[in-house]
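Visitor: The structure's right below; bear with me while I get my questions together.
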Amino acid sequence: MERNVYDVLEERGFLKQCSHPEELKDLLGKEKVTFYIGFDPTADSLHIGHYVQLMSMAHMQRAGHKPIALLGNGTAFIGDPSGKTDMRSLMSKEQLMHNASCFQKQMSRLLDFSEGGAQMVYNGDWLYPLNFLDFMRDIGVYFSVNRMLAADCYKNRLERGLTFFEMGYMLMQGYDFLELNRRHGCVLQMGGDDQWSNILGGADLIRRKEQKPAFALTTALLTTSDGKKMGKTEKGAIWLDAEKCSVYDFYQYWRNVADQDVENCLALLTFLPMDEVRRLGALPGEEINEAKRVLAYTLTTQVHGEEEAKKAQTAAEALFAGGADLSNIPTCELTQEQIDASGLRLTDVLVFSGLASSKSDARRLIEGGGVFVADEKAASVAVALEPAQIEGDGVIIRKGKKSYCRIRRA
RNA sequence: GGAUGGGUUCCCGAGCGGCCAAAGGGAGCGGACUGUAAAUCCGUUGUCACAGACUACGAUGGUUCGAAUCCAUCCCCAUCCA
């Protein structure tokens, strides 16, 4: 007898809020449920925040339910207002479709999109041709402004100001759910906990308009134990695309999570059995590093494949644990042009390698004693690399304790 | 549309004619300590040809020897009234 996926999600810490817990759990236990999560294709890669959602979908799919990944090419066309700024960067339909195809590629690592499996749909299909008057009459009447304003997410918005546009977004998202219910028999929408009122709005719409059951369920956002969002680094978000976040950086991010966060990350981001997750999370003192190694390796394997994960691990061991195999550490290859232009001055090299964001930054780092060339502290801003150093395997320069880059001739 | 208060560096937020690349806090980065952790302490955080120069305080013009600071116009935001 399979375990109810609802319990699985609960045990792993996914569950946040659910509109009808008993009813939904009952349903999940006895039949194949079609559910969806929406993703706005506003960038050309998913990031780790999305990954938690994908994991929840994967658990559901493994339990025999049918996932629909909804690509919000319609909603993203006008921009999601839930962010703080009104910098709604307007994107072309073509751009959005390109992004959507990138998403699908990344999703298919975790979800099975083969025949009868997960499905991908685009809300532009029904949002673009939508007629405003029809929409207002058919959908608008089901949304009570009073109720919307009572929702937490709008309540605190009232102090800062709230546009009609933002409330309209909720209607569109609700309408998505309704369409999916009609077209695909979708009865459950999942999503991050910040989406609670939007998701609930859709479920309510179906219940009222169609007189049919519909469910809303939100999952935990990936946060640190003190409630801050995870997945940001100095270089930006933790993207799933290796071009936007190198496999090494990805691995290192997880290798370095705070002690208190490892267990949660293992539960949400990997498929390790919970007994093992709890054992690793409870390791005392220095031993907790074992848990971080497992997290980093397992997650990197899931996202980038085992081969890439091994390389990242080998590189990390070479740099931090005295391992001998230096072949996989991050490398920056200098072109002849760069060499000529900079005269291999360290400040320039730091910028080329991405270790410093500007020459001023590089200068500060050197002056602060944070730069090492082949394990020797750089003495002054004036130093330059010797041409011989960048031949062959090159030299390793280090910024601080954790950022390394091998420099060599292209 | 009317009244009022605002738009400052990554974020919050002081400054309200020269001493302002701009207080303070948050966040980041570097150093010490450590376990590639947290906490703590110290330093640092526009760019560059770096004891100097250049670009920055919503936008554009103006007044001044000199403007983030004064004036004009415009754009945007908040609160109240319609």
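Visitor: Select from segment A:332-368 the residues that are over 33 Å from the mean Cα position of the chain (by Cα) and assigned to a loop (DSSP other than H, G, I, E, B) and write down the one among them that is farthest from RNA strand B (Cβ to nearest atom).
Guide: Restricting to residues being over 33 Å from the mean Cα position of the chain (by Cα) and assigned to a loop (DSSP other than H, G, I, E, B), the top hit is A:335.
Visitor: Please verify whether segment A:318-331 includes one or more residues that are on the phi > 0 side of the Ramachandran plot, outside any helix (DSSP H, G or I), open to solvent by 50 Å² or more (accessible area, probe 1.4 Å) and of a type outside the set (S, T, N, Q). Explain how you work it out, then say what you get.
Guide: Quick first cut of segment A:318-331, residues on the phi > 0 side of the Ramachandran plot only: A:322.
Then drop every residue that is not outside any helix (DSSP H, G or I), which leaves A:322.
Of the ones still in play, those that are also open to solvent by 50 Å² or more (accessible area, probe 1.4 Å) are A:322.
Then keep just the ones that are of a type outside the set (S, T, N, Q); that gives A:322.
So far as segment A:318-331 goes, yes, one or more of its residues are on the phi > 0 side of the Ramachandran plot, outside any helix (DSSP H, G or I), open to solvent by 50 Å² or more (accessible area, probe 1.4 Å) and of a type outside the set (S, T, N, Q).
Visitor: Just one of (1) near RNA strand B (Cβ under 9 Å from one of its atoms); (2) closer than 30 Å to residue A:109 by Cβ trips up residue A:371, so point out which.
Guide: Of everything listed in (1) near RNA strand B (Cβ under 9 Å from one of its atoms); (2) closer than 30 Å to residue A:109 by Cβ, residue A:371 misses just condition (2).
Visitor: Still on this structure: When residues of segment A:28-66 are filtered for being within 25 Å of residue A:244 (Cβ to Cβ) and in a strand (DSSP E or B), how many remain?
Guide: Here is the first cut: in segment A:28-66, the ones within 25 Å of residue A:244 (Cβ to Cβ) are A:37-58.
Within this subset, residues satisfying the condition of being in a strand (DSSP E or B) are A:37-39, A:47.
So the count comes out to 4.
Visitor: Right, something else. Quick check on this structure: which one of A:205, A:217 is open to solvent by less than 50 Å² (accessible area, probe 1.4 Å), of a type outside the set (Val, Ile, Thr), away from RNA strand B (no atom under 16 Å from the Cβ) and part of a helix (DSSP H, G or I)? Lay out the reasoning, then the answer.
Guide: Details: A:217 fails: part of a helix (DSSP H, G or I).
Unique residue meeting the criteria: A:205.
Visitor: What do you reckon, is residue A:38 touching a residue at least 60 places away in the same chain (Cβ under 8 Å), among the small types (Gly, Ala, Ser) and open to solvent by 30 Å² or more (accessible area, probe 1.4 Å)? If you could, list the steps in order and put the result at the bottom.
Guide: Details: touching a residue at least 60 places away in the same chain (Cβ under 8 Å): yes; among the small types (Gly, Ala, Ser): yes; open to solvent by 30 Å² or more (accessible area, probe 1.4 Å): yes.
Answer is yes for this residue.
Visitor: For segment A:257-305, which positions are farther than 20 Å from residue A:111 by Cα and small (Gly, Ala, Ser)?
Guide: Matches in segment A:257-305: A:258, A:281, A:282, A:285, A:291, A:296.
Visitor: Identify the residue in segment A:141-174 that is part of a helix (DSSP H, G or I), within 12 Å of RNA strand B (Cβ to nearest atom) and at pLDDT 65 or above and, among all such residues, is surrounded by the most Cβ atoms within 10 Å (Cβ to Cβ). If you could, list the steps in order and put the result at the bottom.
Guide: Filtering segment A:141-174 for residues part of a helix (DSSP H, G or I) gives A:141-142, A:145-150, A:152-160, A:164-174.
Retained after the next criterion (residues that are within 12 Å of RNA strand B (Cβ to nearest atom)): A:156-160, A:164-166.
Applying the additional criterion that residues be at pLDDT 65 or above yields A:164-166.
On the way: A:164: 7, A:165: 12, A:166: 16.
Ranking the qualifying residues of segment A:141-174, first place goes to A:166.
Visitor: Quick one: how many residues across segment A:220-276 are in contact with a Leu (Cβ under 9 Å, 6 or more places away or on another chain), open to solvent by less than 40 Å² (accessible area, probe 1.4 Å) and at pLDDT below 85?
Guide: The number of residues fulfilling the criteria is 3.
Visitor: Among all residue pairs at least 6 apart or on different chains, which show Cβ distances below 6 Å where the first residue, located in segment A:385-410, is closer than 19 Å to residue A:361 by Cα and within 12 Å of RNA strand B (Cβ to nearest atom) and the second is open to solvent by 30 Å² or more (accessible area, probe 1.4 Å) and of a type in the set (Ser, Thr, Tyr)?
Guide: A:398/A:404
The values are calculated or read from the model by the stated rules, or taken from the named source; none is laboratory data. Note that the coordinates shown come from a computational prediction; the quantities given were computed from them, not determined experimentally. No Cβ is skipped: glycine too gets one built from the backbone with ideal geometry, and neighbour counts run over all protein chains shown. Surface accessibility is based on the protein's heavy atoms, side chains included, excluding ligands, DNA and RNA. Shrake-Rupley method; radii C 1.70, N 1.55, O 1.52, S 1.80 Å.
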